[in-house]
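Taking it in order: structure first as C-alpha cells, then the write-up.
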Amino acid sequence: AELARARRQRAVARDLRTTARAAVNARGRQTLARLVAARSDDRLERRFGPAAQRVFFAGMVRAFDPGMAMGFEGELEFRLRRGEEETPWTIEVRDGRARVRPEPARSPVVSIRIGAADFLRLLTGEKQAPALALDGRLEIDGDLAFAPRIGEMFGGVSPY
C-alpha cells in the first residue's frame, strides 16, 4: 500500500511538472510572438546574435521532454544566419538528457539552416516551414521524417 501511494504521488508530481512546464512555455511563446511580430527582419537579426541565441538554445535544452523523445538519441544541428554570418548550434540528446554546444554537429540526425528572423517567426507560428522551404529560406538535411518531432521534444508544438 505504501509503495502504491508513493507511485501515485510521483505520478501526480510528474503531471504537475508537465502542466507547469506547458503553462510557462505557452506564456513564453506568447511573449516571443508579440516581440517578433512588432519587429522587422533586419532588427530581429541584429538583436538575435550569438549571445541571445545561446540563451534561447539553453532554454530549449531546459524544456526538453524525454517522454516526447521516445528513445531518440543523437545530434540536432541548427545553423542560424544573420546576413553573411552563420552560427552553428548542436543539441545532443543522450541518456534522456539534452545538452547544447555552440559548434557544428559531428553527425547530425537533422540539420536545419535558416535565417535568424525566419527561425523566430517559425517558432511563433507566424511562418510555416513548408512555405519557408519553398522560398529557399529553410533547408533541412538528414532524417526528414524526424524533423517534425523536434518541436514536441522541446516543449512546443512542431511548426513543421
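When restricted to residues that are in contact with a strand residue (DSSP E or B) (Cβ under 6 Å, 6 or more places away or on another chain) and among the hydrophobic types (A, V, I, L, M, F, W, C), the range 38-57 contains 1. The set of residues from the range 58-69 being open to solvent by 20 Å² or more (accessible area, probe 1.4 Å) and either touching a strand residue (DSSP E or B) at 6+ places or on another chain (Cβ under 8 Å) or touching a residue at least 60 places away in the same chain (Cβ under 8 Å) (or both) comprises A58, M60, V61, D65, P66, M68.
With the condition kept exactly as written, say whether any residue in the range 77-84 is modelled with pLDDT of 95 or more and in contact with a Leu (Cβ under 7 Å, 6 or more places away or on another chain). The answer is no; no qualifying residue exists. Within the span defined as the range 90-101, one or more residues are hydrophobic (A, V, I, L, M, F, W, C) and either touching a Gly at 6+ places or on another chain (Cβ under 9 Å) or outside any strand (DSSP E or B) (or both). Of the set (1) buried (at least 18 other Cβ atoms within 10 Å of the Cβ); (2) under 14 Å from the mean Cα position of the chain (by Cα), all apply to F146 but (1).
When the helices (runs of 4 or more DSSP H) confined to the range 106-160 are screened for residues that are acidic (D, E), those reaching at least 1 such residues are found at 116-124, 149-153.
The values are calculated or read from the model by the stated rules, or taken from the named source; none is laboratory data. Keep in mind that what you see is a predicted model, and the values were worked out from it rather than measured. In this analysis, Cβ positions are derived from the backbone assuming ideal geometry, glycine residues included, and neighbour counts consider all displayed protein chains. For accessibility, only protein heavy atoms count, side chains too; no ligands or nucleic acids. Shrake-Rupley method; radii C 1.70, N 1.55, O 1.52, S 1.80 Å.
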